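Here's the structure we're looking at; comments come further down.
The values are calculated or read from the model by the stated rules, or taken from the named source; none is laboratory data. Quantities reported herein were computed from a predicted structural model and do not represent experimental measurements. Neighbour counts are summed over all protein chains in view; Cβ atoms, including those assigned to glycine, are modelled from backbone coordinates with ideal geometry. Calculation scope for accessible area: heavy atoms of the full protein, side chains included, ligands and nucleic acids excluded. Shrake-Rupley method; radii C 1.70, N 1.55, O 1.52, S 1.80 Å.
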Amino acid sequence: MAISKKTEFTQEDIWLADVAKALSHPARIRILKILNDMSTCMVGSLVEKLPLAQATVSQHLKELKRVGLIDGEIDGPKVCYCVNNKNLLKAKTALDKMFNKIGFC
């Protein structure tokens, strides 16, 4: 029987890996850029700016929201999304800290 080794990693490492996984798709990177430029945005506005179907955009938004990089607020029948600046800064700081410690060849 396989034993999970997840306990061997810090919660910060697990969270950062999850964030990195969420950022691993170019559509999600583009969504973050759009939301950052627009402050808040409805799904329909995002669909107009991306070469993706509405359902696909919604799935990408769901993943970004799951890791806390964006927030979604229900506004009637629509959801208004915005960047979660606190968590985005936390991720940036953790990535900066990690990459600053990596040596050069």
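Structure data summary
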| quantity | calculated |
| --- | --- |
| Number of positions in the range 64-83 that are outside any strand (DSSP E or B) and either open to solvent by 40 Å² or more (accessible area, probe 1.4 Å) or closer than 13 Å to residue 41 by Cα (or both) | 4 |
| So residue 69, is it closer than 19 Å to residue 93 by Cβ, hydrophobic (A, V, I, L, M, F, W, C) and either touching a residue at least 12 places away in the same chain (Cβ under 8 Å) or in contact with a His (Cβ under 8 Å, 6 or more places away or on another chain) (or both) | yes |
| Pairs where the first residue, in the range 80-102, is among the hydrophobic types (A, V, I, L, M, F, W, C) and the second is loosely packed, with under 11 Cβ neighbours inside 10 Å, C-beta under 6 Å, 6+ apart | 80/73 |
| Odd one out for residue 12 among (1) of a type in the set (Asp, Glu); (2) surrounded by fewer than 11 Cβ atoms within 10 Å (Cβ to Cβ); (3) touching a helix residue (DSSP H, G or I) at 6+ places or on another chain (Cβ under 7 Å) | (2) |
| In the range 53-63, residue surrounded by the most Cβ atoms within 10 Å (Cβ to Cβ) [restricted to those that are free of Cβ contacts under 8 Å to residues at least 12 places away in the same chain and within 17 Å of residue 23 (Cβ to Cβ)] | 59 |
